[in-house]
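The values are calculated or read from the model by the stated rules, or taken from the named source; none is laboratory data. Everything numeric in this text was worked out from a predicted model, so none of it was measured. Every residue, glycine as well, gets a Cβ built from its backbone with ideal geometry; the counts of neighbours run over all protein chains shown.
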Amino acid sequence: MSSTEVEAVLSLDRVTVAWPAPRKGESEYVAVEDVSLEVGRGEFLSVVGPTGCGKSTLLNVAAGLLAPSAGSVLVSGERLQGINRRAGYLFQGEALMPWRSARENVEAGLLFAGVAPRAARERAEAWLARVGLSRFGDSYPHQLSGGMRKRVALAQTLVLEPRILLMDEPFSALDVQTRQLMENELLELWSSDRRSVVFITHDLEEAIALSDRVVLLSAGPRTRPIGDFRIDLPRPRDVAEIRASPRFSELHVHIWRALRAEVLRAYAQSEGRA
Amino acid sequence: MPRAKAAHRELGPAALLALRVLLLVAIFFLWYGLVTLRFLPAFFFGRPFVVLERVGQWFASGKIYPHLGVTLIETVLAFAAGTLLGVAAGLWLGLRAMASALLEPYIKAANAMPRVILAPIFAVWFGLGIASKVALGVTLVFFIVFFNVYQGVREVSPTVLASVRMLGASPRQLVRYVYLPSATSWVFSSLHTSVGMAFVGAVVGEYLGSAAGVGYLILQAEGSFDIDTVFAGILVLTGFALLLDYVVTVIERRLLVWMPRAGRRE
Ligand SMILES: Nc1ncnc2c1ncn2[C@@H]1O[C@H](COP(=O)(O)OP(=O)(O)O)[C@@H](O)[C@H]1O
Ligand SMILES: [Mg+2]
């Protein structure tokens, strides 16, 4: 086991997150409990679970934005304190600074790191070109489409060359076509430098199409991993084509059986609450 | 003004403008008719053509310019100082939960107080010159800007904030890259009101005791029961306020390019 421990770029070690009770007299809400999770070097890991189960919560813990109630986060074996400087985070919602143009958004992280303005600008331009937006450097976020904004956010994160890429349902707000384009672009960018990725989604097909490994989470409260599946589909992949392959269907059926029980359980719970 | 836009479409811009001018002329002649036919006493309501003549004379002789200049300087200084203080206080309190909790009732009280009442005190403290008018204007502008910045700081998108922190921003860089621009947009949203308030502060201050400014002209004319000059002063003030508002609009367009604006073409 020691060899995998060395290999793990990021690991959550028995992480529990409890939110304070919403009203007096009620007990606190334990969103995730005792979750251990490891991401290997260059591994593309997807975490799938029903909405509201605590996926974003776990990712925020991994990013150092949220301190767990119990447990710890290890980054390349070292215990994380404060913001995870090795990680880039692609958020579910709109995260670009609306008052800065696309280029200024991409530059920002470099300027924070003390890179000279001219060099920062050049690297930002290069990354805008890589995500196909070299003509839109001067546009403000509100002048760009949803897909273009996601591309800017991707460039903004990747320009810093993070060792770990945390992605929280990054494409869930996009239409199906744009989403497939973005997924393929993501795979292409990823294959060129093989960073470790933690990709959060509630869409099992998306998870299988993109990943090396899929971890399933149970429904909340007290969410924990309930399944860990290796995805042995060949790379490079095209997300649209791979979905048509027989091996994809096999994997999908296999994993879906495990997931369905949880989805039904979550559904029954929400019905019970309503 | 969506209604104005609908009318725009129905009538066409030229016809609408013509109607608007016509309305102004009609009111003017109604006023003129009522006064000359002695339904209204000229002593209290003025004579429209004399009022216009007075305004003309002021500009022709150049007598009005130094007074307009003084009022303008007071307005600009009050606006600048009030905005600066408001932004600083709003940022500071917005980022410090303890301090804001401590000061909240006092800020509310200070804002609820009718501050025009401070004018005589400021006259005693700062004399009858520009400073007392600026001080009055500052108390009016400060709270508008302060509350907007305070709001702006608290309503910064948590996602943007988390994202910028993940990009490696230090607390100071967070202020510069996120809080300040966000607050600025809120300051701009209140720009028309705060410039207007700076102007009110200047004129009211002048009116309550001064040696120069358009408010002073009105005060003087009132002292000698010269109602025509009072109306002329009001007319000049109104025109000046419209001009200021227009300048603000132009500046706003320049500086807030990043903001989505309804109906603007991209
Ligand atoms: N700041 C918070 N305070 C209290 N409860 C929260 C907070 N954030 C999330 N939760 C709760 O924790 C659970 C998990 O939320 P989240 O991680 O956002 O789920 P997911 O990303 O899987 O949809 C939900 O039940 C949610 O209501
Ligand atoms: Mg979520």
Original post:
Of (1) more than 20 Å from the chain's Cα centre (by Cα); (2) more than 16 Å from ligand 1 (Cβ to nearest atom); (3) in the same structural domain as A:Asp168 (by TED's automatic domain parsing), A:Trp19 satisfies all except one. Which?
Top reply: (2)
Original post:
Is it the case that A:Trp99 is within 30 Å of B:Leu180 (Cβ to Cβ), away from ligand 2 (no atom under 16 Å from the Cβ), away from every other protein chain (no Cβ under 11 Å) and among the aromatic types (Phe, Trp, Tyr)?
Top reply: no
Original post:
On the given criteria, is A:Ser172 more than 20 Å from the chain's Cα centre (by Cα) and not in a helix (DSSP H, G or I)?
Top reply: no
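Is it the case, given these coordinates, that A:Ala31 is in contact (Cβ under 8 Å) with a residue 40 or more places away in the chain, of a type outside the set (Lys, Arg), within 14 Å of chain B (Cβ to nearest Cβ) and within 13 Å of ligand 1 (Cβ to nearest atom)?
Against the criterion (in contact (Cβ under 8 Å) with a residue 40 or more places away in the chain, of a type outside the set (Lys, Arg), within 14 Å of chain B (Cβ to nearest Cβ) and within 13 Å of ligand 1 (Cβ to nearest atom)), A:Ala31 does not qualify.
Every residue, every condition in (1) within 15 Å of the chain's Cα centre (by Cα); (2) outside the structural domain of A:Ile255 (by TED's automatic domain parsing); (3) under 29 Å from A:Asp232 (Cβ atoms), yes or no:
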position	(1), (2), (3)
A:Tyr29	no, no, no
A:Leu37	yes, no, yes
A:Gly49	yes, no, yes
A:Lys55	yes, no, yes
A:Leu58	yes, no, yes
A:Ala62	yes, no, yes
A:Ala70	no, no, no
A:Val75	no, no, yes
Original post:
Across the range A:38-78, what is the number of residues that are under 17 Å from A:Pro20 (Cα atoms) and more than 16 Å from ligand 2 (Cβ to nearest atom)?
Top reply: 4
Original post:
For the range B:105-134, how many residues meet the condition of being surrounded by 16 or more Cβ atoms within 10 Å (Cβ to Cβ) and closer than 19 Å to B:Gly90 by Cα?
Top reply: 1
Original post:
Out of the range A:173-212, which residues are away from every other protein chain (no Cβ under 14 Å) and within 13 Å of ligand 2 (Cβ to nearest atom)?
Top reply: A:Phe199, A:Ile200, A:Thr201, A:His202, A:Asp203
Original post:
Can you tell me which residues in the range A:134-172 are surrounded by fewer than 21 Cβ atoms within 10 Å (Cβ to Cβ) and more than 13 Å from chain B (Cβ to nearest Cβ)?
Top reply: A:Ser134, A:Arg135, A:Gly137, A:Gly146, A:Gly147, A:Arg163, A:Ser172
Original post:
Within the range A:225-245, how many residues are surrounded by fewer than 16 Cβ atoms within 10 Å (Cβ to Cβ) and within 16 Å of ligand 1 (Cβ to nearest atom)?
Top reply: 1
**OP:** Answer yes or no as to whether A:Gly25 is small (Gly, Ala, Ser) and within 16 Å of ligand 2 (Cβ to nearest atom).
**Re:** no
Subject >> Residue in the range A:138-148 that is in contact with a Gly (Cβ under 6 Å, 6 or more places away or on another chain) and more than 12 Å from A:Leu90 (Cβ to Cβ) present >> reply: no
Subject >> Spans of helices (runs of 4 or more DSSP H) in the range B:1-97 with at least 3 residues among the small types (Gly, Ala, Ser) and free of Cβ contacts under 8 Å to residues at least 60 places away in the same chain >> reply: B:2-11, B:13-36, B:48-61, B:64-95
Subject >> Top-ranked residue in the range A:68-115 [being more than 30 Å from A:Tyr29 (Cβ to Cβ) and of a type in the set (Ser, Thr, Tyr); ranked as surrounded by the fewest Cβ atoms within 10 Å (Cβ to Cβ)] >> reply: A:Ser76
**OP:** Tell me which residues, restricted to the range A:166-186, are out of contact with any Phe, Trp or Tyr (no Cβ under 8 Å at 6 or more places or on another chain) and touching a residue at least 40 places away in the same chain (Cβ under 8 Å).
**Re:** A:Glu169, A:Ser172, A:Ala173, A:Gln180, A:Asn184, A:Glu185
**OP:** Residues that are more than 14 Å from chain A (Cβ to nearest Cβ) and in contact with a Gly (Cβ under 9 Å, 6 or more places away or on another chain): find the helices (runs of 4 or more DSSP H) completely inside the range B:148-266 holding 2 or more of those.
**Re:** B:191-207, B:214-223, B:227-255
Original post:
Just wondering, is there one or more residues in the range B:49-67 that are within 17 Å of B:Ala241 (Cα to Cα) and small (Gly, Ala, Ser)?
Top reply: no
Original post:
Would you say B:Ala162 is touching a Leu at 6+ places or on another chain (Cβ under 6 Å) and closer than 30 Å to A:Ala62 by Cα?
Top reply: yes
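Yes or no: A:Asp175 buried (at least 23 other Cβ atoms within 10 Å of the Cβ) and charged (D, E, K, R)?
The answer is no for A:Asp175.
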Original post:
Which one of these does A:Ile226 not meet: (1) closer than 19 Å to B:Val160 by Cα; (2) more than 16 Å from ligand 2 (Cβ to nearest atom)?
Top reply: (1)
